[in-house]
Amino acid sequence: MPRLITWLVLCLLLPALAACSNDDNGTDGDATDGDAADGDASDGDANDGDIVDGDASDGDVTDGDATDGDLTEFPIRVPRTASYTCVDEMSTTDFGDADIICRVNNSVLDVELYLQSNPVGCEFGAPIYETVAAWIKEGGAVSSIEGAYDWGGRHHNDYVKWEAGGGKYMLWHSSIGWGYRACAGPDCLLVCAEGTECEPMVSESIAQDGCERDAGSGPPLLTAICVMVLPDGSAPEFLDPWTAQEGHEDYPLLPCGGEENYIE
């Protein structure tokens, strides 16, 4: 009989002891142990409402990856220097990555672009680049796009092309100087005709020519400013190449000297 009483007492006490214990299981409302079923909001798994760890499925808005829509700034990299050596009959030259940031603020578009391009070859001593990633910033949100940066051959008449919002665009030069060479970065916008890619000298490919201007005249109608990312991963100031700039004696950069030979 005493043994039976002992067992009865234990059976009565065990549930109470379990209820008082700090077992941190997933069904007792615990919010500190970190499992996915008990309301924990601090451990960082994708199923329990966590908003700090940065995975793509839990609404994170801080980590900056390209799959969860949380980008508000460009993921600017530090460009590599001397990442490709060009050897030809003329010279041996090292080329680094060419990462470009452009601000387009005119009556057609108000966006920023960022393209990362790596040297993959050379021709006549000029680098050939492959664009490995491109982004557009519009209305405070950053998203990936299809885009390309081209060095522009030996004359370095570089340009940027991209697709976004169902349209195709190109940043080109409104002024070309001596030797048919640009004297500043791309400074104007071309809107491509539907179903084509813009070609600066082919009017049928251009729906709106924001680069057209007369020699000796002022800026083009659809302006843009482009800068190259510096070796330390920073971007220089976005200075208008068409206006004088305090502390920069070489400004204005445009129009290019000798443009009257190439622009009517």
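The values are calculated or read from the model by the stated rules, or taken from the named source; none is laboratory data. The structure displayed is predicted, hence computed values, not measured ones. Positions of Cβ are backbone-derived with ideal geometry, glycine not excepted, and every protein chain shown enters the neighbour counts. We work out accessible area using only protein heavy atoms, side chains counted, and drop any ligands, DNA or RNA first. Shrake-Rupley method; radii C 1.70, N 1.55, O 1.52, S 1.80 Å.
The table for this structure:
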| item | result |
| --- | --- |
| Checking Gly247 against (1) more than 24 Å from Asp99 (Cβ to Cβ); (2) without any contact (Cβ under 8 Å) to a residue 12 or more places away in the chain; (3) open to solvent by less than 50 Å² (accessible area, probe 1.4 Å), the condition it does not meet | (3) |
| Extreme residue, nearest to Tyr149 (Cα to Cα), among residues of the stretch 229-264 that are of a type in the set (S, T, N, Q) and either out of contact with any Gly (no Cβ under 9 Å at 6 or more places or on another chain) or assigned to a loop (DSSP other than H, G, I, E, B) (or both) | Ser234 |
| Breaking point among (1) of a type in the set (A, V, I, L, M, F, W, C); (2) open to solvent by 50 Å² or more (accessible area, probe 1.4 Å); (3) part of a loop (DSSP other than H, G, I, E, B), for Ala207 | (3) |
| Tally, over the stretch 174-195, of residues that are open to solvent by 10 Å² or more (accessible area, probe 1.4 Å) and touching a Pro at 6+ places or on another chain (Cβ under 6 Å) | 1 |
| From Ile176, Ile145, Ile206, residue being within 23 Å of Ile101 (Cβ to Cβ), out of contact with any helix residue (DSSP H, G or I) (no Cβ under 8 Å at 6 or more places or on another chain) and of a type outside the set (Phe, Trp, Tyr) | Ile145 |
| Given (1) open to solvent by less than 30 Å² (accessible area, probe 1.4 Å); (2) at pLDDT below 95, index of the condition Glu123 fails | (1) |
| Matching strands (runs of 3 or more DSSP E) fully within the stretch 93-189 where at least 2 residues are touching a Leu at 6+ places or on another chain (Cβ under 8 Å) and within 14 Å of Ile225 (Cα to Cα) | 100-105, 159-164, 167-172 |
| Selection within the stretch 126-142 - under 21 Å from Thr93 (Cβ atoms), crowded, with 16+ Cβ neighbours inside 10 Å and in contact with a Ser or Thr (Cβ under 7 Å, 6 or more places away or on another chain) | Tyr129, Thr131 |
| Residues satisfying the stated conditions in the stretch 148-167, i.e. touching a residue at least 12 places away in the same chain (Cβ under 8 Å) and more than 14 Å from Val111 (Cα to Cα) | Ala148, Tyr149, Asp150, Trp151, Gly152, Gly153, Arg154, His155, His156, Asn157, Asp158, Tyr159 |
| Residue that is surrounded by the fewest Cβ atoms within 10 Å (Cβ to Cβ) [pool: residues in the stretch 250-264 that are without any contact (Cβ under 8 Å) to a residue 60 or more places away in the chain and farther than 16 Å from Gly185 by Cα] | Glu264 |
| Tally of residues being exposed (fewer than 14 other Cβ atoms within 10 Å of the Cβ) and not small (Gly, Ala, Ser) across the stretch 210-237 | 6 |
| Pairs where the first residue, in the stretch 106-117, is within 14 Å of Val191 (Cβ to Cβ) and the second is open to solvent by 20 Å² or more (accessible area, probe 1.4 Å) and acidic (Asp, Glu), C-beta under 7 Å, 6+ apart | Val111/Glu138 |
